[in-house]
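Report on the following structure.
The values are calculated or read from the model by the stated rules, or taken from the named source; none is laboratory data. Quick caveat, the model's predicted, so the values are computed rather than measured. Here Cβ is always computed from backbone atoms with ideal geometry, including for glycine, and neighbour counts include all displayed protein chains. The accessibility values were calculated without ligands, DNA or RNA, using every heavy atom of the protein model including side chains. Shrake-Rupley method; radii C 1.70, N 1.55, O 1.52, S 1.80 Å.
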Amino acid sequence: MTDKQEQAPTMKVRIVHLADHTGRLQVIFPHDSMLDMAAVSRLTKRRFDPVSNYNIEGDPLIKPNACATIIDHAVANAQSIELRPSAQQNYRSLSAEEFQQRFQGPLTRYEAVAIPVAEIPKPASHLDKDADQMLSALGKFQAVRLQQRLEETLEIPPLPASSHRIIQLCANEHAGTDDLCDVISLDPALSAQVISWASSPYYGVRGEIESVEDAIIRVLGFDMVMNLALGLSMGNAFQLPQNGPRHYEDFWLSAVSHAVLMEALVKAMPSGQRPRLGHAYLAGLLHNFGFLAIAVVLPPHFAVLSRYIEANAHLGADVVEMQTLNFTKEQLGAWLLKHWGLPESIYTGIRYSRDPAYSGEHCQLSQLLGVCHQLFTGDTLDTDLLAAVGLSEADALHCHQQVMSSSNELSKMVDLISGNK
């Protein structure tokens, strides 16, 4: 395009390095777009993987014509281009002419390899429509009950017996400490996990914790132990995938960190606004459960998703999930937790945790999870979100700092889930 009046204004671009067994490829595309790995494969007839495991800042610029480079065609329509030569350098601005001159040569080509985020579909507006959206994405339209279709399509693994018993206990308003101890004691491994958890240096309890009852009365409380035991039991039903995005090696550390941060945030809230502490803790522990569900029930989809997440670390995972799967892990996770009979507040909070505008029932948990996401990703804290849960920015940052300063203790707690002693 030669008429600069019709060109886009300044465009920030992202640089990603891909490689296969025969060589490397540099891709440059708009920062507000998603790199389409399938398009790259179609154009090159090769299967590339990202070189960096999870590079939010973008890869360094390889000297033009020192490596094959594909530039998204949208970049050619900008008046000027802002790029960062490396993660340690600030963005530099180049005119369209300077950029094109720099990338002239036989190893550079302009192609359509990126999808603008604005064109990527959004999740269903309400969780009641999630099953329809997931079924549509999976291509199943048999004339049978919706739930049956999802069960047949996804081949959902059975919930552990201990989880069933604890869920039943959740529904019993008259359940007490003895009932909970009886249920947990039927699973010796789970009992040991709960006792070890309460004994963790994170809680700083003096003296030895000798029983589940001790853990309830002296340290964690009834609600916390019930929801912790449920989360641990459910975690045992899903194994971490071996072919996931490389940064998800810390999946359970993220789960536990979210749980304890949710606990800290609730305690910092005004007393009249607080949701149930145990539910907040469990929502944090299970916030990313849909990720494991995708890995277990949709392995081919998960392998594709993993490559896209690594190549597009600058985007929220929900954006990448909508483009590659046409539903999010929050949708699948919430549907699965609802199917298993967990409290509505838990699955509703998780379902809307990426939607700061949600103000429906159980919005407190979704808003708190939203604050957690922003704290852990380093995003600017949403002041409206903080106001909705009655927290100041200083309160939220203080809670996050407390959790981060306990990372060593939290890592030891994670070992209880993964089986590493």
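Residues of the stretch 119-134 include none that is over 25 Å from the mean Cα position of the chain (by Cα) and within 26 Å of L305 (Cα to Cα).
If you scan the stretch 121-137, which residues turn out to be open to solvent by less than 70 Å² (accessible area, probe 1.4 Å) and touching a residue at least 60 places away in the same chain (Cβ under 8 Å)?
Answer for the stretch 121-137, where residues must be open to solvent by less than 70 Å² (accessible area, probe 1.4 Å) and touching a residue at least 60 places away in the same chain (Cβ under 8 Å): P121, P123, A124, L127, D130, A131, Q133, M134, S136, A137.
Scan the stretch 253-274 for residues that are more than 20 Å from A388 (Cα to Cα), open to solvent by less than 10 Å² (accessible area, probe 1.4 Å) and of a type in the set (G, A, S) and the total you get is 1. Restricting the stretch 185-212 to residues that are surrounded by fewer than 17 Cβ atoms within 10 Å (Cβ to Cβ) and in a helix (DSSP H, G or I), which is modelled with the lowest pLDDT? If we take residues in the stretch 185-212 being surrounded by fewer than 17 Cβ atoms within 10 Å (Cβ to Cβ) and in a helix (DSSP H, G or I), then A189 is modelled with the lowest pLDDT. Evaluation of E111 against the conditions (1) modelled with pLDDT under 90; (2) open to solvent by 40 Å² or more (accessible area, probe 1.4 Å) shows that the sole unmet condition is (1).
Looking at K338, is it of a type in the set (K, R), open to solvent by 70 Å² or more (accessible area, probe 1.4 Å) and within 22 Å of A293 (Cα to Cα)?
Criteria met by K338.
Summed over the stretch 286-316, residues that are closer than 23 Å to P356 by Cα and open to solvent by 20 Å² or more (accessible area, probe 1.4 Å) total 3.
Against the conditions (1) in contact (Cβ under 8 Å) with a residue 24 or more places away in the chain; (2) surrounded by fewer than 23 Cβ atoms within 10 Å (Cβ to Cβ); (3) not β-branched (V, I, T), L397 satisfies every one except (1). Just one of (1) in contact with a strand residue (DSSP E or B) (Cβ under 6 Å, 6 or more places away or on another chain); (2) of a type outside the set (S, T, N, Q); (3) modelled with pLDDT of 95 or more; (4) over 30 Å from G378 (Cβ atoms) fails for D72. It is (4).
Of all residues in the stretch 243-285, those satisfying the criterion of being part of a loop (DSSP other than H, G, I, E, B) and at pLDDT below 90 are N243, G244, P245, R276. What's the number of the condition T348 fails, among (1) farther than 15 Å from G231 by Cα; (2) under 13 Å from the mean Cα position of the chain (by Cα); (3) modelled with pLDDT of 90 or more; (4) open to solvent by less than 10 Å² (accessible area, probe 1.4 Å)? Status for T348: all satisfied but (2).
Residues that are assigned to a strand (DSSP E or B) and farther than 25 Å from G23 by Cα within the stretch 57-79 comprise just one, A78.
For the stretch 320-329, the criterion of being assigned to a helix (DSSP H, G or I) and basic (K, R) is met by at least one residue.
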